[in-house]
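Q: Dropping a structure here in structure tokens format, bear with me for questions.
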Amino acid sequence: MSAVGNVASSARFAGIAARRADFPALHQEVHGKPLAYLDSAASAQRPQAVIDAMVAHERRNHANVHRGVHQLSQRATDAYEGARERVSRYINASGSDEIIFTRGTTESINLVAASFGKMRLEPGDEVLVTWMEHHSNIVPWQMICEQTGARLVAVPITHTGELDLEAFHRLLTDRTRIVAVVHVSNALGTINPVQDIIEAAHKVGAVVLLDGAQATPHMRIDVQALDCDFYALSGHKTFGPTGIGVLYGKRALLDAMPPYQGGGEMIRTVTFEKTTWNALPCKFEAGTQNITGAVGLGAAIDYLSGIDFAEVARHEADLLEYATERLSELPGIRLIGTAAAKASVLSFTLGDIHAHDLGTVVDMEGVAIRTGHHCAMPVMEHFGVPATARASFALYNDRGDVDQLVTGLNRAAELFL
Ligand code: 7TS
């Protein structure tokens with residue numbers, strides 16, 4: 001890239017770079033070097049506004065929700081239900097009763113597999129997933145297929161880490177009941193053509209669950225425009241806290257589904273002879289929920305609502321391009337996942353250096369990356385590697401973080417190659 005190009009792009013992204021100031025964890029040293037946090041795909045950092053909202057709730061408003069007539073319980077209920085409203089508006093659900101709070105994407109998918117899967121699947125039916133799924137979107141389906149006699153079918157991926165669409169259309173048949181697909185791959189960064197997938201699946205009468213864990217930090221989601229049947233997301237990848245996530249489901253489907261867990265709040269009446277279920281969304285929220293987590297997620301949604309995602313997309317595309325260019329200069333580099341439509345995730349191997357060694361050496365340079373199979377073992381199998389190193393960029397990263405990564409990788413090459 002030319003010097004002029006560099007100047008122009010840094011000026012264009014100055015607004016986003018200023019966002020770094022909102023994230024206190026980014027402003028520290030690790031091993032005597034400024035922290036370059038490139039592991040947001042595992043868990044994103046939280047803006048001060050999220051931390052403040054959670055602390056304020058804990059200090060003054062904590063009580064159980066939906067139960068008490070007292071002031072604190074009412075405040076807690078308002079905060080919890082307010083967070084649900086925010087999520088609902090943010091992803092454009094048709095109402096907040098379509099928003100179920102869960103522990104995260106994993107629990108959201110388990111809920112759909114255990115409840116909808118159990119209700120819908122019979123021997124001979126098929127559940128279609130892909131080779132680029134996180135284990136969280138494979139194992140729950142495998143478990144329910146074993147229980148119901150249905151079959152799990154996986155759509156292959158190409159050498160660039162894109163979905164083999166021709167194979168998808170071939171494997172999608174009138175036996176397919178559920179299509180469960182990752183919106184953005186955590187191991188490859190691939191952004192899947194989910195709109196086309198949903199349209200095709202609906203034509204054969206299948207429902208579609210999108211695993212949105214890696215999509216929500218990078219793009220604004222509109223579940224009605226997508227027309228997906230279920231959408232799963234995690235608070236902690238979306239600049240909110242851990243232990244809270246969301247399952248969006250179309251009301252008609254959620255209404256028809258049996259409860260996932262039994263216990264408090266999910267019932268209307270209980271006798272030893274028969275229990276009746278509460279209305280949505282409570283039917284799926286047994287037991288005391290992660291109230292402070294929901295408050296934090298609500299604050300994260302407020303934070304994201306003030307962000308121009310078109311600007312974020314430009315910024316992250318620039319970072320990805322810059323990082324791809326800089327890493328490609330390193331002898332022995334192999335980029336894993338080179339899809340045309342890609343989020344800012346860069347998986348790679350360097351010579352025969354073990355990914356964990358790479359991670360350890362760059363950590364000494366203050367750089368946080370993820371190493372391993374990224375809970376996507378089929379992806380590793382497809383590319384014939386046991387593990388990769390992965391740098392993932394969020395709206396608060398800049399080119400300096402990439403430069404620091406390259407310094408760390410050069411150091412690893414000196415030591416190991
Ligand atoms: N689906 C995808 C696509 C993911 O990336 C992850 C987590 C999950 C599901 C599970 O989310 P959870 O919040 O329920 O744990 N991915 C990663 C990762 O890439 N590195 O650490 C966790």
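The values are calculated or read from the model by the stated rules, or taken from the named source; none is laboratory data. Everything numeric here is computed off the predicted structure, so don't read it as measured data. Quick reminder, even Gly has a Cβ in these numbers, built from the backbone with ideal geometry, and neighbours come from all protein chains shown. Side chains included, ligands, DNA and RNA excluded: accessible areas come from the protein's heavy atoms. Shrake-Rupley method; radii C 1.70, N 1.55, O 1.52, S 1.80 Å.
Listed here are the residues, each with its yes/no results for (1) within 16 Å of the ligand (Cβ to nearest atom); (2) part of a helix (DSSP H, G or I).
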position	(1), (2)
335	no, no
340	no, no
348	yes, no
380	yes, yes
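Q: Name the one entry in 205, 243, 235 that is on the phi > 0 side of the Ramachandran plot and within 16 Å of the ligand (Cβ to nearest atom).
A: On the way: 205 fails: within 16 Å of the ligand (Cβ to nearest atom); 235 fails: on the phi > 0 side of the Ramachandran plot.
Checking each option against the conditions leaves just 243.
Q: Quickly run through segment 96-120 and pick out the residues that are of a type in the set (S, T, N, Q) and surrounded by fewer than 22 Cβ atoms within 10 Å (Cβ to Cβ).
A: Scanning segment 96-120 gives 96, 106.
Q: Follow-up question, since we're still on this one. Looking at segment 193-224, which of its residues are more than 20 Å from residue 376 (Cα to Cα) and charged (D, E, K, R)?
A: 196, 199, 203, 220, 222
Q: Of (1) closer than 27 Å to residue 164 by Cβ; (2) open to solvent by 10 Å² or more (accessible area, probe 1.4 Å), residue 400 satisfies all except one. Which?
A: (1)
Q: Quick one: in segment 350-378, which of the residues that are more than 13 Å from the ligand (Cβ to nearest atom) and assigned to a loop (DSSP other than H, G, I, E, B) is surrounded by the fewest Cβ atoms within 10 Å (Cβ to Cβ)?
A: 352
Q: Of all residues in segment 127-153 being closer than 17 Å to residue 183 by Cα and part of a loop (DSSP other than H, G, I, E, B), which is most open to solvent (accessible area, probe 1.4 Å)?
A: In this case the residue turns out to be 131.
Q: Quickly run through segment 191-231 and pick out the residues that are out of contact with any Gly (no Cβ under 6 Å at 6 or more places or on another chain), touching a residue at least 40 places away in the same chain (Cβ under 8 Å) and part of a strand (DSSP E or B).
A: 191, 207, 209, 211
Q: Which residue pairs have Cβ atoms under 6 Å apart, sit 6 or more places apart or on different chains, and have a first residue in segment 88-111 that is part of a helix (DSSP H, G or I) and a second that is open to solvent by less than 10 Å² (accessible area, probe 1.4 Å) and basic (Lys, Arg)?
A: As it stands, the answer is 96/84, since those pairs meet every condition given.
Q: Checking residue 177 against (1) in a strand (DSSP E or B); (2) within 16 Å of the ligand (Cβ to nearest atom), which test does it fail?
A: Failed condition: (2).
Q: Counting only residues that are in a loop (DSSP other than H, G, I, E, B) and closer than 27 Å to residue 39 by Cβ, which one in segment 156-174 is least open to solvent (accessible area, probe 1.4 Å)? Explain how you work it out, then say what you get.
A: Taking segment 156-174 first, the residues in a loop (DSSP other than H, G, I, E, B) are 156, 158-162, 164, 172-174.
From what's left, closer than 27 Å to residue 39 by Cβ: 158-162.
Values: 158: 42, 159: 154, 160: 27, 161: 0, 162: 62 Å².
Filtering segment 156-174 for residues that are in a loop (DSSP other than H, G, I, E, B) and closer than 27 Å to residue 39 by Cβ, the one least open to solvent (accessible area, probe 1.4 Å) comes out as 161.
Q: Give the residue that is most open to solvent (accessible area, probe 1.4 Å), with candidates limited to residues of segment 182-213 that are in contact with an Asp or Glu (Cβ under 7 Å, 6 or more places away or on another chain) and among the β-branched types (Val, Ile, Thr).
A: 204
Q: A further question follows. Look through segment 65-82, keep the residues that are assigned to a helix (DSSP H, G or I), over 24 Å from residue 257 (Cα atoms) and open to solvent by less than 40 Å² (accessible area, probe 1.4 Å), and return whichever of them is farthest from the ligand (Cβ to nearest atom).
A: Restricting attention to segment 65-82, the residues satisfying the condition of being assigned to a helix (DSSP H, G or I) are 71-82.
Keeping just the survivors that are over 24 Å from residue 257 (Cα atoms) gives 71-79, 82.
Now restrict to residues that are open to solvent by less than 40 Å² (accessible area, probe 1.4 Å): 73, 76-77, 79, 82.
Working: 73: 29, 76: 24, 77: 25, 79: 22, 82: 23 Å.
The extreme case among them is 73.
Q: Does any residue in segment 21-44 that is free of Cβ contacts under 8 Å to residues at least 12 places away in the same chain come within less than 7 Å, Cβ to Cβ, of a residue that is in a loop (DSSP other than H, G, I, E, B) and of a type in the set (A, V, I, L, M, F, W, C) six or more places away or on a different chain, and which pairs are these?
A: From segment 21-44, the pairs are 28/35.
Q: Could you tell me whether any residue of segment 294-311 is in contact (Cβ under 8 Å) with a residue 12 or more places away in the chain, open to solvent by 10 Å² or more (accessible area, probe 1.4 Å) and over 30 Å from residue 76 (Cβ atoms)?
A: The answer is yes, given that some residue of segment 294-311 is in contact (Cβ under 8 Å) with a residue 12 or more places away in the chain, open to solvent by 10 Å² or more (accessible area, probe 1.4 Å) and over 30 Å from residue 76 (Cβ atoms).
Q: Could you tell me whether segment 46-59 includes any residue that is over 30 Å from residue 174 (Cα atoms), part of a helix (DSSP H, G or I), away from the ligand (no atom under 16 Å from the Cβ) and in contact with a strand residue (DSSP E or B) (Cβ under 7 Å, 6 or more places away or on another chain)?
A: No, segment 46-59 has no match at all.
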